[in-house]
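The values are calculated or read from the model by the stated rules, or taken from the named source; none is laboratory data. Given the structure is predicted, the values throughout are model-derived calculations rather than measurements. For neighbour counting, all protein chains shown are included, and Cβ atoms are generated from backbone atoms with ideal geometry for every residue, glycine included. Side chains are part of the model used for accessible areas, which takes the heavy atoms of the whole protein and leaves out ligands, DNA and RNA. Shrake-Rupley method; radii C 1.70, N 1.55, O 1.52, S 1.80 Å.
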Amino acid sequence: MKQQLSALVDGEVDVERCEHIFLAAKSTGEVAQAWREYHVIRDVMREDYWNESDLTSRIMANLDDEPTLLAPQAVSASEKVTHIRPRFSTYSWSIAASVAAAFFVGLFVFNQPAPNTAMQIADKDTDQYVVAHHNFAPSSATYYMQNVAFSAGE
Amino acid sequence: MSLKLVFRAFFLPALLLAVFNQSVYAEEDLWVTMQKTASAARELNYQGLFVYHNGATIRSVQITHMYEGGREFSRNVVLDGRPREVFSEGDDIVIFNAKNDKIVIEKRRGQNLFPAMLPTQLYPLKQNYKLKYVGQERIAGRLAQVIDMVPNDNLRYQYRVWSDAEYGLLLKMSMVDAQGHTLEQIGFNQVSMLQTKDLDWFQPKIDATKPYVMDDSTDLTHIEDNLVIANLPTGYKKVDQIQLKVQGKNTTVQQLIFSDGLASVSLFVEPIVKGMQARVGKKNMGSTNVYAHVLNGYQLVVVGEVPAQTVEQIAQQVTFKK
């Protein structure tokens with residue numbers, strides 16, 4: 001957590017991906033303190049002249065107000081933030097593909113029509129699509145279900 | 001003129017007119033109730049416990065919702081299964097998903113979470129559904145007005161709405177198919193209004209010992225491409241388009257999202273590359289229908305909480321601009 005805060009302050013993390021850090025910073029005194037300290041440390045390192053109390057009140061005001069206004073411009077994703085395996089994994093596809101490969105090698109060429117060679121959908125083929133639908137469609141109560149979506153990061 | 005004739009000539013038409021007017025006003029009144037229901041979920045301060053049923057799946061969720069200074073805050077704690085906490089602030093949604101050794105953070109945007117399931121703009125719903133007053137029922141200790149949303153066609157399911165008679169809060173909602181089977185329902189077991197303006201509750205249970213990781217498999221930027229869907233099913237409009245990254249592939253999966261104001265459908269478009277098994281056919285899972293189709297070397301998959309003909313129609317209408 002502190003590492004991630006540090007990365008954020010240093011502008012190494014995409015601001016767009018940092019709501020969780022703001023949420024966390026809002027919620028725990030320890031993290032909020034760390035947040036202030038990192039700013040002070042960074043400013044000292046960059047030799048910016050910022051009055052600490054002024055800085056603190058400004059940060060806290062921004063935290064209360066609009067979090068995305070506060071952080072430095074995004075530079076690039078930091079190595080400090082762990083990136084997990086995308087949920088929309090190719091894993092199950094690859095099993096199906098390896099089984100089918102013996103029969104269908106060369107039939108599925110990029111952007112070539114393959115109308116008669118497609119297989120009927122089987123049990124779990126379309127799970128990934130269903131999960132993605134439930135995750136991003138605007139009205140879906142299925143939000144609360146735990147399914148294959150939540151294998152992410154394991 | 002006999003009394004009977006007088007009745008026929010004057011009273012009967014007047015009586016019929018009165019009945020007709022009443023039904024017209026009644027539906028308008030019901031839309032007013034629906035508008036109140038849509039707003040109440042967003043503008044009231046409440047706390048409660050609701051349960052979501054879909055087939056064999058049951059989930060209990062604890063909700064705290066507050067509207068303060070023109071901003072909306074909510075915290076949903078999923079009580080069954082693996083711990084999850086869903087936070088929303090306005091349109092931004094952040095999910096804290098506890099894993100064995102870490103917390104996975106997922107980001108969402110602009111979804112209609114229970115009880116805020118009805119859109120605040122009711123115009124699209126008025127085009128596609130008629131309202132019918134059912135009666136009154138008690139839900140979670142509260143008196144509710146029960147209203148059916150009857151679809152104008154077979155391209156969407158029917159919904160039943162239980163709206164708190166006093167506050168207008170959505171207490172329960174169910175989805176019913178054309179045969180009258182309940183496919184999905186979600187409703188409060190217990191709910192109470194919050195008097196406090198304190199936002200202390202708006203924080204996840206932070207475990208400082210665990211690392212927090214972002215799930216960044218989705219690029220939420222809007223994109224445009226050469227996809228054309230000539231005739232969307234009546235009442236459906238495209239509301240969003242995003243792209244999903246797939247690990248180990250150079251290609252991305254496009255997800256187009258359509259809605260009739262309440263029901264939503266996703267269309268996935270993915271180039272069929274070497275080693276990928278193309279799929280065709282359809283599948284039903286409770287309220288969700290799936291239709292897979294192949295076109296010009298692309299895998300199309302349509303998924304939605306809509307009848308089978310709706311997903312099929314969308315899949316059949318896709319073409320690519322040259």
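Of the three principal axes defined by the Cα atoms of segment B:72-167, the extents in descending order read 50, 32, 26 Å. What would the Debye formula give as log10 I(q)/I(0) at q = 0.16, 0.20, 0.22 Å⁻¹ for the alpha-carbon point model of segment B:217-320, no solvent? Rounded to two decimals, the profile gives -0.68, -1.07, -1.28. Ordering B:H181, B:H53, B:H293 by accessible surface, largest first, gives B:H181, B:H53, B:H293; the 1.4 Å probe counts only protein heavy atoms, with every chain in place. Rank B:L232, B:L169, B:L118 by mean-square fluctuation in a GNM of chain B with C-alpha springs under 10 angstrom and give only the top-ranked residue. Fluctuation is largest for B:L232.
Once the Cα atoms are used to define both axes, helix B:12-43 deviates from the longest principal axis of chain B by about 30 degrees. So, in nm, how far is label B:L295 from label B:L79 when the simple model puts each one 7 Å beyond its Cα toward the Cβ? Computed distance between label sites B:L295 and B:L79 equals 4.5 nm. Is segment B:110-159 rounded, prolate or oblate when judged by the Cα gyration tensor, a ≥ b ≥ c being the square roots of its eigenvalues, rounded requiring a/c under 1.5 and prolate requiring a/b larger than b/c? Cα axes put segment B:110-159 in the oblate bin.
Largest mean-square fluctuation among B:L30, B:L199, B:L300, in a Gaussian network model of chain B whose springs join Cα atoms under 10 Å apart, belongs to B:L199.
Can you give the mean number of other chain Cβ atoms that lie within 10 Å of the Cβ atoms in peptide B:81-89? Please report the intermediate quantities before stating the final value.
Details: counts 4, 2, 0, 4, 1, 2, 3, 0, 4.
Rounded to a whole number, the mean comes out at 2.
For chain B, the longest principal axis of the alpha carbon atoms and the long axis of helix B:308-317 meet at an angle near 60°.
Helical runs assigned H by DSSP (4 residues or longer) give chain B a calculated mean residue ellipticity at 222 nm of -5000 deg cm²/dmol, each run adding -39500 (n - 2.57) before division by the residue total. Across peptide B:69-78, the mean count of Cβ atoms from other chains lying within 10 Å of each residue's own Cβ comes to 1.
Kindly list the residues of segment B:149-173 that lie in the label zone of B:L143, defined by a backbone N under 15 Å from the point 7 Å along the Cα-to-C-beta vector. Label zone hits: B:163-169. Each chain gives up part of its surface: B and A jointly bury about 6900 Å² of accessible area, both sides summed, for a 1.4 Å probe.
Under the classification rounded if a/c is under 1.5, otherwise prolate if a/b is larger than b/c and oblate if not, where does chain B fall, given a ≥ b ≥ c as square roots of the Cα gyration tensor eigenvalues? Verdict is oblate for chain B. A cut-off under 9 angstrom between Cβ atoms defines the neighbours of A:M119, and their net charge, with Lys, Arg +1 and Asp, Glu -1, is 0.
So for segment B:27-193, averaging the separation of alpha carbon pairs under 8 Å that are six or more residues apart and normalising by length, what relative contact order in percent results? All intermediate terms of the calculation are to be shown ahead of the outcome.
On the way: 367 pairs, mean separation 37.6, N = 167.
Relative contact order here is 22 percent.
Once all protein chains are placed together, B:T209 keeps about 120 Å² accessible to a 1.4 angstrom probe. Measuring between alpha carbons in the structure, the pairs from B:K132/B:K282; B:K126/B:K238; B:K245/B:K274; A:K124/B:K238 lying more than 23 angstrom apart are B:K132/B:K282; A:K124/B:K238.
Other chains near B:283-294: what is the mean number of their Cβ atoms within 10 Å of each residue's Cβ?
On the way: counts 7, 0, 3, 1, 3, 6, 1, 7, 2, 7, 2, 7.
Mean shielding count: 4.
Only alpha carbons enter this Debye calculation for segment B:27-193, each as an equal point scatterer, and the log10 of I(q)/I(0) it gives at q = 0.14, 0.15 Å⁻¹ is -0.76, -0.87.
On the beta carbon distance between B:K237 and B:E72, with R0 = 25 Å, the FRET formula returns roughly 0.55. If you run the Gaussian network model on chain B, springs between alpha carbon atoms under 10 Å, then out of B:A116, B:A38, B:A278 the most flexible one is B:A278.
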